[in-house]
Amino acid sequence: MAALWTSKLGTKYPMEEIQRLDHEHHQILERLRKEPRNSRCAECGEHGTLWASVNLGIFVCVRCADVHRAMGTHISKVKGCSGTYLWGEDELQNMRQMGNANAESKYGAAKPASEASKDERVLLARRKYESLAYTGSAAAQQQQQQQQQQRHRQQQQQSEGEGFAPSTACVAKVSVAKLAVQATAWSPPQASAPRPKARAAALDVLDWDTLFADDSMHAGSVTTKPAAASSKLADSSMDDFLGMCLPSPQPAMPTVVHQPQVLVPAVGHLATSNDHTLWSDFGAW
């Protein structure tokens with residue numbers, strides 16, 4: 001019994017016949033791939049359609065062939081067109097009847113963005129071929145949305161390349177916002193309490209001589225010495241310190257010597273005075 005070969009569409013052929021017609025079948029595929037619509041990928045529009053989805057009847061690029069494999073064979077059955085795979089007559093007939101142009105009319109023209117990931121491409125292909133979400137009016141609406149998104153991405157790329165220039169209104173709004181934040185955050189300065197170190201330094205330079213002076217010192221007249229005085233005080237001995245603190249002795253008051261009263265006898269006309277004469281008060285002088 002001759003060996004059989006089964007196509008991806010389920011048709012069985014004698015293996016000998018398929019092998020004999022392999023060269024002819026690939027020439028047919030080459031002519032189909034050179035058609036204007038079939039020369040570009042049915043999914044992304046790129047050149048180089050070395051693969052095909054046999055059951056969908058479309059030609060795709062290598063990248064989109066991987067996307068179709070990820071969808072599963074229940075949605076898309078992928079086969080190479082470069083001569084590695086054997087092709088059956090039923091598969092060639094489906095490629096002739098459908099092609100990329102007719103597939104776009106049937107399934108819609110939705111295409112992924114150039115920067116779309118594989119997962120995003122698989123999701124779009126599922127919606128396109130499994131859910132038929134882009135057929136009819138839905139397809140036209142989706143295509144319009146994708147074109148708008150593509151234009152928006154191009155504008156963003158141009159803005160990033162040329163540099164973004166903010167409008168005058170944006171600059172004004174940002175300036176007002178900054179002023180409001182600064183006004184809210186400002187608070188009047190508060191007097192800080194004296195530091196302990198500053199108070200200790202003030203005590204070190206007190207004029208102790210003036211502090212322990214006699215009663216002639218007025219209240220509130222405490223003065224401060226320069227830093228050299230404090231260092232001198234620290235280096236002196238205890239006796240010197242006490243000598244500096246105690247008040248100095250008061251200067252001695254002059255002693256008044258009382259002269260004895262000398263009586264001078266009256267001479268001449270002075271002796272004849274009765275009560276107050278010049279010589280009666282002479283001792284008081």
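At a glance:
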item: Estimated inter-spin distance, R69 and D90, nm [label 7 Å along Cα→Cβ]; result: 2.4 nm
item: Whole-Hz couplings from phi, Karplus 6.51/-1.76/1.60, listed for the stretch 103-110; x for Gly and Pro; result: 5, 5, 5, 7, 9, x, 9, 5
item: Per-pair calculated FRET efficiency, R0 = 25 Å: A101 and L9 via Cβ, rounded to 0.05; result: 0.75
item: Accessible-area order (highest first, 1.4 angstrom probe) of the listed residues W87, W5; result: W5, W87
item: Under-5 Å amide H pairs with N55, H placed in peptide plane, nonlocal only; result: K77
item: Largest to smallest accessible area among T49, T84, T6 [probe 1.4 Å]; result: T84, T6, T49
item: Theoretical FRET efficiency, 1/(1+(r/R0)^6), r = Cβ-Cβ of Q19 and Q148, R0 45 Å, to 0.05; result: 0.30
item: Nearest-0.05 FRET efficiency for A109 and Q156, computed from C-beta distance (R0 22 Å); result: 0.40
item: Backbone HN-Hα couplings from phi across the stretch 40-51 [Karplus 6.51/-1.76/1.60, Hz, Gly and Pro as x]; result: 10, 4, 5, 9, 10, x, 7, 7, x, 9, 8, 10
item: Amide H within-cut-off set for Y13, under 5 Å, with H built and near neighbours excluded; result: W5, T6, S7
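The values are calculated or read from the model by the stated rules, or taken from the named source; none is laboratory data. These numbers come from a predicted model, not from an experiment. Here Cβ is always computed from backbone atoms with ideal geometry, including for glycine, and neighbour counts include all displayed protein chains. Side chains are part of the model used for accessible areas, which takes the heavy atoms of the whole protein and leaves out ligands, DNA and RNA. Shrake-Rupley method; radii C 1.70, N 1.55, O 1.52, S 1.80 Å.
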